[in-house]
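Here is the structure we will look at, set down as structure tokens.
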Amino acid sequence: MKKLVLFSLLFCYFSAQANPISFERKKITQAMNEEVLAEFKSAMNTVFGAGKYVMDAVDSKKRDDGGRDVTATISLFGKGEVELSGGYKNKKIESFEVEFPEEATIDFNLINQLADNKIKEYLPSSFPMEAGIWVKNLAISFGAKGYIPTNLSATIGNPSAWEPIGIGSLKADGIELNLEIVNPKLASRTVTGTISAIAKLGEIDLDLSYIVSTNPDNNAITASIEKLNLENLLNAVASGDASDFLSLIPDEFKDLELSKGTFSIIPLQKELKMTAESSIGNVLFDYKAKSGANRIILAMSPPPSFKFSSLSEMLKPLDDIDMQGSHFIISNKQTIIEEKFINSSSTEDAKYNVKKGLNLLSNIALPKDI
């Protein structure tokens, strides 16, 4: 028994002596990790605040450029198992990125404060944030000196449904916000990004897209659809007014099939516009939610081959008149529209008094013998 103990002790002694370099490397790596950890805490204190995270240890590996790649599992904003990766060089943190567990919900203000509470100013006022957000990842870069962020990027999900213009028939889910902010702590910051979402307009499926800007409520949310029926569109957007509006539309147009539809939704104006192609030319649909009575306008620009007699035999004399550039305007109420409403490229300031029902706007080229 004594011989066995002696042999074990000798084996441990010679094993330690045989790897002095490996043992020393571990000591150096541990010391370096402690140095990196201390510097990371300094950066995190500046960015988030001392009480917003828990970071007990890091692992680091040397890079070819002399810096180190750093990884750690931390707690941030009260959420555990947050994965961190970053860069360290010349005794300074270069940048870091954190990835939160899937669907970890946090208060939007915790992210908003990283840009002096200015992020919200770049989002539509209808954008839902009260129930919290999902931060999928958050990346921060620093300049040559100090730990004031020079760049912030984030991918943010939203668990709430979004009603961009406050009408129940248009709801969006699966919201994702991608942000890129240069100099987030300075008044001269620049904010860019996109919002994407999967929406339902009645029974119509749409993929919404929004470009983050300094004028969020006047900026448009866009979507496109390949095929659409006019009656389905009316039922989806203005279900309460659809039957009354359909009664104003000539039978020739009621079953109109639309293609290559493009939607433009303006939150501040509570307005939804759509342009599309059809067998009788270009179509413009405009819905504006208003207190009292909503405004609905349908404009159609028929091609030169269009025959007015297809609407009524009483209009047959118009078939022989050159009425290129004509527009059918169907409105649910008397209103004023501008030339740019029906022709966005026009430089004219003309305005038209549109009556309820079917209107015809036209420049008539009369025959030479008249």
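A short reminder: the numbers here are calculations on the coordinates, not readings from a lab. The shown structure was predicted, so the numbers you read here are calculated from the model rather than taken from an experiment. Cβ coordinates were reconstructed from backbone atoms using ideal geometry, including for glycine residues, and neighbour counts include every protein chain displayed.
Here Rg and Dmax of the Cα atoms in Å was calculated from the structure, and among [x] 35.6, 153; [y] 32.1, 131; [z] 21.5, 60 it sits at label [y]. Extension gain, LYS52 to ASP244: 0.36 nm times the residue separation minus the Cα-Cα distance gives 63.4 nm. Within the chain, the selection of entire DSSP H helices by a Cα span of 18 Å or greater along the long axis and an average Kyte-Doolittle value of at least -0.5 returns 2-18, 20-47. Note on ASN183/THR262: beta-carbon distance plugged into 1/(1 + (r/R0)^6) with R0 of 30 Å gives a FRET efficiency of 0.30. Note on ASP320 and ASP69: their simple-model spin labels are 8.2 nm apart, each label 7 Å out from Cα toward Cβ. Each of ILE342, ASN332, LEU360 was scored by the projection of its Cα onto the charge dipole of segment 325-364, and the greatest displacement toward the positive side belongs to ASN332; charges sit on the C-beta of Lys, Arg, Asp and Glu.
The label-point distance for ASP255 and GLU277, in a model that sets each label 7 Å from Cα toward Cβ, rounds to 2.3 nm.
As a rough footprinting exposure proxy, the listed residues LYS145, LYS333 were ranked by other beta carbons within 10 Å of their own, and the order from fewest upward is LYS145, LYS333. Taken along the Cα-to-beta-carbon direction at a fixed 7 Å, the label points for SER224 and ASN90 span 4.6 nm. The alpha carbon centroids of segment 327-347 and segment 63-116 are separated by 52 Å. Within the shell of other residues whose beta carbon sits under 13 angstrom from the beta carbon of MET129, the net charge comes to -2, with Lys and Arg scored +1 and Asp and Glu -1. Between amide H atoms placed 1.01 Å from N, distances below 5 Å from ASN183 occur with ASN151, LEU152, all of them 5 or more places distant or on a separate chain.
Using C-alpha pairs under 8 Å with a sequence gap of at least 6, the mean separation divided by the residue count of the chain gives a relative contact order of 8 percent. Count Lys and Arg as plus one, Asp and Glu as minus one, and take only other residues whose Cβ is under 10 Å from that of GLU338; the net charge is then -1.
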